Amino acid sequence: MYELSYFRNNLDAVAARLADRGFTMDLEAFRKLDTERRQAVSETEALKAQKNAESMEIGKLKKAGEDTADKQQRVRELDELLKKLDDRANALDAEFRELMAGIPNTPHESVPKGRSADDNVVVRTWGKIPEFSFKAKSHWDLGPELGILDFERAAKITGARFAVYMGLGAKLERALINFMLDVHTQHHGYTEVLPPFVINSQSLYGTGQLPKFAADLFKLENTDYWLAPTAEVPVTNLYRDETLDLDSLPIKFCAYTPCFRSEAGSYGRDVRGIIRQHQFQKVELVKFSKPEDSYAELDKLTADAQDILERLGLPYRTVALCTGDMGFSTAKTYDIEVWLPGQSEYKEISSCSNFEGFQARRASIRAKSGKGKADYVHTLNGSGLAVGRTWLAIIENYQQEDGSVVVPEVLRPYMGTDVIRPMK
């Protein structure tokens, strides 16, 4: 969401920046609707002033004992006209808000220009890609063979794109959640939050999922409740409609939640295994920052997410997304991609983004110091990490020729074992 006067006064420049990310704005339609809306508001206010003036005149005439029947009829006519103008102004205002809500954030000047993921820029690589003396398997084969992952029973319980974790597979998932939360709270300075997993429409509007991406979400029937697609939504909305103390920034939260997504636009991508599920677990990092510090905070947040992979010994690369590959609400995003030997490719495991003031305006989150003017904060978030994708990265990178999987050293205190063998 934009500050309206800035948007209106810099419309051509904003439209040009939006074009870099593949969004075409109908400038003529915007200007026409904006003019009609402002004119309707102006006419309504003028008519209200006229009605008030004539009402005061009626009061004076009554005190003087004069006949006011004609003027009272005129006021009644003004009331009817005012209602029609009010309805038109409200309808135009609603149409205008809907238009503004569908316009994505403008990319930061440092974002590389491009049309698709092919134009993303690798900014960092870490770790040595493992070499095997045998043909590496994918997790969708290893998991069932070890007896720790069951797709068939999940499909029976629910349907496609769900999984059941069994035995040490379930324990590994739980170990990763606890490990990530411990690292972020004990070493990176985040405060842990356990938010509701069910959220309302206003929360989704605040972070930019609604109204544009309703098809990607699961809604609870006959309610205003939705299943959270990511902890970004409830955690960012902790401070919706609030003014924070500027000196308290940055505020840093981490949260574990299950995440629920319809994957409406995936069109068959990553249908095997647990890469793209309707339900998955994630540890999310969320920050509220001073505007002048937000890009330094983005670098720190990205480093915090990378640190989890480094502690686990998982090779990865970090890429700066180009303008054509960024999410709707983001001003700049780094994707962290982990190496998966079973598929011989890197796969996204975290997106770390700075939204600048885009979400804060939608959710009305401000900060001020003393008697200073309240201004919108900058919000940031990133996966720290997607737990299921970390799970499968461990299974694939630490697989052994005999079909077992070595447990990374940092997880052994959580797991109580150093190796995962086939369940009997």
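Could you say whether any residue in the range 6-23 is modelled with pLDDT under 90, in a helix (DSSP H, G or I) and open to solvent by less than 60 Å² (accessible area, probe 1.4 Å)? Looking for residues that are modelled with pLDDT under 90, in a helix (DSSP H, G or I) and open to solvent by less than 60 Å² (accessible area, probe 1.4 Å), one finds at least one in the range 6-23, hence yes.
Among what's in the range 306-326 and is in a strand (DSSP E or B) and of a type in the set (S, T, Y), pick the residue that is farthest from I129 (Cα to Cα). If you could, list the steps in order and put the result at the bottom.
If we filter the range 306-326 for residues that are in a strand (DSSP E or B), which is where we start, we get 316-320.
Going one step further and asking which of them are of a type in the set (S, T, Y), we end up with 316, 318.
Numbers: Y316: 9, T318: 15 Å.
Step by step, filter the range 306-326, then rank; the result is T318.
Pairing each residue of the range 1-19 that is among the acidic types (D, E) with any residue that is part of a helix (DSSP H, G or I), provided the two are 6+ apart or on different chains, yields C-beta distances under 8 Å for E3/R361; D12/L27. Among the residues of this structure, P112 does not count as one that is within 30 Å of A303 (Cα to Cα), in a loop (DSSP other than H, G, I, E, B) and touching a Phe, Trp or Tyr at 6+ places or on another chain (Cβ under 8 Å).
Residue-by-condition table, conditions (1) of a type in the set (V, I, T); (2) within 49 Å of the chain's Cα centre (by Cα); (3) open to solvent by 20 Å² or more (accessible area, probe 1.4 Å); (4) at pLDDT 90 or above:
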site: E54; (1), (2), (3), (4): no, no, yes, no
site: A64; (1), (2), (3), (4): no, no, yes, no
site: T68; (1), (2), (3), (4): yes, no, no, no
site: R88; (1), (2), (3), (4): no, yes, yes, no
site: P112; (1), (2), (3), (4): no, yes, yes, yes
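Working only within the range 259-272, note down all residues that are in a loop (DSSP other than H, G, I, E, B) and modelled with pLDDT of 90 or more. Matches in the range 259-272: R261, S262. Suppose we filter the range 284-302 for residues that are of a type in the set (A, V, I, L, M), part of a helix (DSSP H, G or I) and within 23 Å of P234 (Cα to Cα); how many remain? Final tally of qualifying residues: 2.
For the list (1) open to solvent by 70 Å² or more (accessible area, probe 1.4 Å); (2) part of a loop (DSSP other than H, G, I, E, B); (3) not hydrophobic (A, V, I, L, M, F, W, C), I need the number of the one condition that R31 fails. Result: R31 passes all but (2). For the range 363-381, the count of residues that are modelled with pLDDT of 95 or more and under 26 Å from G313 (Cβ atoms) is nonzero. For Y346, the criteria (1) at pLDDT 95 or above; (2) open to solvent by less than 50 Å² (accessible area, probe 1.4 Å); (3) not acidic (D, E) hold in every case but one, which is (2). Within the range 275-317, restricting attention to residues that are of a type in the set (D, E, K, R) and touching a Lys or Arg at 6+ places or on another chain (Cβ under 7 Å), the residue that is least open to solvent (accessible area, probe 1.4 Å) is K287.
The values are calculated or read from the model by the stated rules, or taken from the named source; none is laboratory data. Bear in mind that the values here come from a model prediction, so they are computed numbers and not experimental data. Using ideal geometry, Cβ is built from the backbone for each residue, glycine included, and neighbour counts are taken over all protein chains shown. Each accessible area value is taken on the protein alone, full model and side chains, heavy atoms only, with ligands, DNA and RNA left out. Shrake-Rupley method; radii C 1.70, N 1.55, O 1.52, S 1.80 Å.
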